[in-house]
1. Hey, got the dipole for the chain? About the Cα centre, +1 on K and R Cβ, -1 on D and E Cβ, debye to the nearest 20?
2. Within 10 Å, count the other beta carbons around each residue, average over each peptide in 125-135, 171-181, 187-197, 80-90, and list them highest first.
3. Two-decimal Rg/Rh of the range 112-165 from alpha-carbon positions, Kirkwood Rh?
4. Based solely on its DSSP helices, what 222 nm [θ] is calculated for the chain when runs of n ≥ 4 H residues each add -39,500 (n - 2.57) and the sum is averaged over all residues, nearest 500 deg cm²/dmol?
5. Restricting attention to the alpha-carbon atoms of the range 14-231, what are Rg (one decimal) and Dmax (integer), both in Å?
6. Provide the net charge surrounding residue 234, with neighbours chosen by a C-beta distance below 15 Å and charges set as Lys +1, Arg +1, Asp -1, Glu -1.
7. I'd like the distance separating the alpha-carbon centroids of the range 141-193 and the range 31-46, in whole Å.
8. Given 4 °C and 1.567 mPa s, compute D for the range 26-66 with the Stokes-Einstein relation, Rh being the Kirkwood radius over Cα pairs; round to the nearest whole µm²/s.
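Nothing in this text is a laboratory measurement; each read-out follows from the coordinates by a stated rule. For clarity, every value in this text was computed on a predicted model and none was experimentally measured. Using ideal geometry, Cβ is built from the backbone for each residue, glycine included, and neighbour counts are taken over all protein chains shown.
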Amino acid sequence: MDDQQQDQTTDGSPDLEFFWDPVCPFAWQTSRWLRRVADLRGLTVAWRFINLSILNEERDYDAEFPEGYRESHDRGRRMLRVAAAVRSTEGSAAMDRLYRAFGDSIWHRVIDAGADYRSDVATPEHIADVLDRAGFDPAYGDAATDPSWDAELRAETAEAVGRTGSDVGTPIITFGPPDGPSIFGPVISSVPETDEECLALYDATLTLCRFDTFSELKRSDRQHLDLPVLTGRS
C-alpha cells in the first residue's frame, strides 16, 4: 500500500469526515475537490454539519462582517435543519446526495447581473426543488423553520471546532475520524484541473496535518471563486 493511502480505515468507519454548511462557497469548492480525490483513491467520506450562524453567534455581525452575512448564515441554518431531518430518517449516506443538490442549485447557475444570488436561497421553493432533485420527500422542508433541530447542529458545530480549535470556518476535514488529524480547509477558489493536481493537493494537505506542531499556512491574495453564480459564466 502507498504511504499516501494509509489514511484509509478498515473497520467500516469513513476515511474522512467533511463538515459543511451549504451556504459557504469555499466549502462547496473543497467538497468538489475532495469528491474527486475520493473517487480516485477509493476513499469514503461522511458529510457532517457545521453551521456558520451558530459558529459566529457571539460575534458582532454589523461590525465584523460585510452586509448580508447574518442573513446568509441564517439561510444556511435553515438548510441544515432540513439536512438533519433527512439524515434522521434516511441515514448519513443520504447527505452526499443532498449536499450535491444544494450545491448545484446554489452555485451552478447564471443569474442576472447585479442580482443577489442569496435572495432565493433557503426559501420554501428552493428547498422543495433541492429535495426533489435529491429524491427526498418534500415534507422534509418543514424542518427549515423548526428550531428543535438546532441542538443537533450546535453539537456537530462544537465537535468540528473542538477538533481544530477556534477561529476557523468551513470546511473542516478530519482524516481517519474521529481521532485522526483535522484541518480547516484547504480553502480553494477552484478545483484543480487535473487528477494529478487534485491528488497532489490532497497528499500535501494530509502530510501537513500529520505534523501535530503544524497549525497554519495562509495567504489572502487569492483568485476569485470560479463558480457560475458569481462569475456569470456557465
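1. Numbers: 24 positive and 43 negative charges, 50 e Å.
Rounded to the nearest 20 debye, it is 240 debye.
2. Details: 125-135: 17.4, 171-181: 19.5, 187-197: 12.9, 80-90: 21.4.
So the peptides 125-135, 171-181, 187-197, 80-90, ranked by packing, come out 80-90, 171-181, 125-135, 187-197.
3. On the way: Rg = 15.1 Å, Rh = 13.5 Å.
Reported Rg/Rh, Kirkwood definition of Rh: 1.11.
4. On the way: 9 runs with 106 residues, N = 234.
-14000 deg cm²/dmol, from helical runs alone.
5. Just the Cα atoms of the range 14-231 yield Rg and Dmax of 16.8, 47 Å.
6. Details: positive: 109, 233; negative: 104, 112, 226.
Its environment carries a net charge of -1.
7. 17
8. The estimated diffusion coefficient comes to 102 µm²/s.
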